[in-house]
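Note sheet for the following structure.
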Amino acid sequence: MTFAEKILSVKSGVDRVQAGEIVEVEPDFIMSHDNTASIIKTFEEIGVKEVFNRDRVTVFLDHCVPAANEEHAKNHDDIRKFVREQKIENFFDISYGVCHQVFCEMGFAKPGELILGADSHTTTYGAFGCFSAGIGRSELAVILASGKMWLKVPSSVKIIVEGSFQKGVSAKDLILRIIGDIGSDGALYKSVEIHGDGLQNISMESRMVLTNMSAEAGAKNAYIPPDKTAVDWLVTKGVKDFNPIYPDDDAEYEKVLKYNLNKLVPLVACPDSVDNVKEVSEVEGTKIDQIVIGTCTNGRLEDLETAADILKDKKTAKDVRLLIFPASKEVYLESLKKGIIEILAEAGGIIMNPGCGPCLGAHQGILADGEVCLSTSNRNFKGRMGGSKSKIFLSSPAIAAASALTGKINYFL
Amino acid sequence: MIIKGKVWKYGDNVNTDVIYPGKYTYIRCSPEEMAGHALEVIDPDFSGSVAEGDVIAAGKNFGCGSSREQAAQCLKYAGISAVIGKSFARIFFRNAINNGLLVIESEEASENLSTGDEISIDTEEGTIKSGKMVFNFAPLPDFFSEIIECGGIIPYTRKRLKVNGI
Ligand code: SF4
């Protein structure tokens, strides 16, 4: 059995399940964010008084924090009242940061757990060997009421990575390469398993980039077999008890793809689709108005560190706005202690509070029509960050930082 | 169930940001307001001229991108009774079923239907008819039909919890 078949058979109590089957599961954790406000309404409509198990519910405020207007403020207020009434302790108010980052930092993403979240990038937790998938708001409300949800067992795609990244190349380039190759529907409904010796050279933070962005190829979930790197990371977060699940050696995959990390070059996803992937050299010199370094894809310590290495003792171009969003308070504090924040601010970066920021176009750096943004986030759809005539390029933090120096898409030199 | 309406044809990879723009997702909108924003990025004429029962015929990967449920809801509120596509993004597929919006995978129908075609869909027979053209599709699993018949997963859950005496 593949990882997906194996874990879904364990979690549904069925001996052996196969891709295509529909099973009912009880998730170990559920996750929702600012959208909890609308989920609460649906939960109340169902008519159940108490959530199924308050210890398995996690709620984060991150998408529009602090509230940009009265409407958002009211949503946040409703959510705070709900978590108080329901005595939900795993509530992370606006100071903590982006849900996916904080969820992992808090040690909820444990190997062998089944996690469903009302957000498409819930796939992130697969970096720790979880089965984690995004679901809709009504579904989340249904779980709050009943503790159960239906899932279709996905077929699986195996990606094998070998070698190690060259200087200036990172996990973002690998995942952009994969999405560019297989297309934005290349892993539609599927479970993406990432294996191979190359994983030894990929940090936990970088693995989270891979599982996070698998969603952009349509994946239901993404999975990396937990190894020493993962276990060491979990131990630092105080997580000790877990039961990893590994696929069988004779598991059947729909597709097997191989990537040699040594051969990767820096890439960008060009407007308006994540699979519109080009080498940086092809778009070099494209004028940029705003650069965003952050989000649940690339707002972690190693990302800010990379940017600081490039921007140290230098200044950003006058006509470009560089916005930095540490993915969480923990990332913010660690970057502060390491002097990274100071370097970035001195270079001309604007340090924002941890959160999603302009990633979804709700606030903090919205684009006007005609503007061009280079972002380390995961989506570049038309109008996502503001005006429907604005454009978004996606890249690694290294390319984003290098481009901040000239105001044009540029190589890390 | 027999559905009759006219076709609105769109291409591949119609994502949820163009079906229901992100800027409205954290603002509470009434069903009428949501219907008004449906597909406004790629087809500003849609919400003004769509009629109850109309059907969308799209290409592959319809509803890709963000998990926002409003993408399925705004189409339903706008009057759309079914979406036909070559394939659907996973979360959109779930959201549609869970909101009682019929989704049909049919490569043939998706390729041959054009905007303005009058069509009728018979969900029990598993056929889509338009003029002389007939396309067959595999009926949905019972599990899904039950949810759609209940009008979505909320009424379905309510019924189920009541049955279980909670
Ligand atoms: S940072 Fe962007 S992609 Fe990540 S959870 Fe927030 S809005 Fe979604």
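The values are calculated or read from the model by the stated rules, or taken from the named source; none is laboratory data. None of these values were measured; they are calculated from a predicted model. Every residue, glycine among them, receives a Cβ derived from its backbone with ideal geometry; neighbour counts consider all protein chains shown. Side chains are part of the model used for accessible areas, which takes the heavy atoms of the whole protein and leaves out ligands, DNA and RNA. Shrake-Rupley method; radii C 1.70, N 1.55, O 1.52, S 1.80 Å.
Criterion first (more than 12 Å from the ligand (Cβ to nearest atom) and not charged (D, E, K, R)) does A:Ser390 satisfy it? Taking the combined requirement at face value, the residue satisfies it. Restricted to helices (runs of 4 or more DSSP H) entirely inside the stretch B:2-119, those with at least 2 residues that are open to solvent by less than 40 Å² (accessible area, probe 1.4 Å) and either at positive phi or among the aliphatic types (A, V, I, L, M) (or both) are B:16-19, B:31-37, B:70-77, B:90-98. Whether a residue is in a loop (DSSP other than H, G, I, E, B), open to solvent by less than 50 Å² (accessible area, probe 1.4 Å) and within 29 Å of A:Val209 (Cα to Cα) was assessed, and A:Ala67 passes this test.
Candidates A:Asp55, A:Asp15: the one that is outside any helix (DSSP H, G or I), away from the ligand (no atom under 15 Å from the Cβ), of a type outside the set (A, V, I, L, M) and away from chain B (no Cβ under 14 Å) is A:Asp15. Looking only at the stretch A:365-390, residues that are surrounded by fewer than 21 Cβ atoms within 10 Å (Cβ to Cβ), among the polar types (S, T, N, Q) and touching a residue at least 60 places away in the same chain (Cβ under 8 Å) come to 0 in all. The criterion of at least 3 residues that are modelled with pLDDT of 95 or more and buried (at least 17 other Cβ atoms within 10 Å of the Cβ) is met by the following helices (runs of 4 or more DSSP H) wholly inside the stretch A:181-289: A:204-214, A:228-236.
I'd like to know if the stretch A:147-167 contains one or more residues that are in a helix (DSSP H, G or I) and either within 16 Å of the ligand (Cβ to nearest atom) or not β-branched (Val, Ile, Thr) (or both). Quick ask: steps written out before the conclusion?
Pass one, the stretch A:147-167, residues in a helix (DSSP H, G or I): none.
Within the stretch A:147-167, not a single residue is in a helix (DSSP H, G or I) and either within 16 Å of the ligand (Cβ to nearest atom) or not β-branched (Val, Ile, Thr) (or both).
Residues in the stretch B:120-138 that are surrounded by fewer than 14 Cβ atoms within 10 Å (Cβ to Cβ), in a loop (DSSP other than H, G, I, E, B) and away from chain A (no Cβ under 14 Å): 4 in all. For the stretch A:273-308, taking the residues that are more than 14 Å from chain B (Cβ to nearest Cβ) and at positive phi, the one that is farthest from the ligand (Cβ to nearest atom) is identified as A:Gly285. Taken together, the residues in the stretch A:116-146 that are within 14 Å of chain B (Cβ to nearest Cβ) and not in a strand (DSSP E or B) amount to 19.
If you go through the stretch B:14-32 and keep only what is in contact with a Phe, Trp or Tyr (Cβ under 8 Å, 6 or more places away or on another chain) and within 14 Å of chain A (Cβ to nearest Cβ), you end up with B:Val14, B:Asn15, B:Thr16, B:Asp17, B:Val18, B:Pro31. Can you find a residue that is within 16 Å of the ligand (Cβ to nearest atom) and touching a residue at least 60 places away in the same chain (Cβ under 8 Å) anywhere in the stretch A:343-354? Yes: the stretch A:343-354 contains one or more residues that are within 16 Å of the ligand (Cβ to nearest atom) and touching a residue at least 60 places away in the same chain (Cβ under 8 Å). Looking at A:Ser395, is it within 14 Å of another protein chain (Cβ to nearest Cβ) and small (Gly, Ala, Ser)? Answer is no for this residue.
Please determine, by comparing only the residues of the stretch A:84-100 that are open to solvent by less than 10 Å² (accessible area, probe 1.4 Å) and not in a loop (DSSP other than H, G, I, E, B), which one is farthest from the ligand (Cβ to nearest atom). Per the criteria, the residue is A:Gly97. Given A:Ile79, A:Ile46, which one is farther than 27 Å from A:Pro111 by Cβ, assigned by TED's automatic domain parsing to the domain that holds A:Ala127 and either modelled with pLDDT of 95 or more or within 25 Å of the chain's Cα centre (by Cα) (or both)? After applying the criteria, what remains is A:Ile79. Taking first residues from the stretch A:94-115 that are free of Cβ contacts under 8 Å to residues at least 60 places away in the same chain and away from every other protein chain (no Cβ under 14 Å) and partners that are away from the ligand (no atom under 11 Å from the Cβ) and not small (Gly, Ala, Ser), the Cβ contacts under 9 Å between residues at least 6 apart in sequence or on separate chains come to A:Ala109/A:Phe29; A:Ala109/A:Ile115; A:Ala109/A:Tyr125; A:Ala109/A:Phe128; A:Ala109/A:Cys130; A:Ala109/A:Leu234; A:Ala109/A:Val239.
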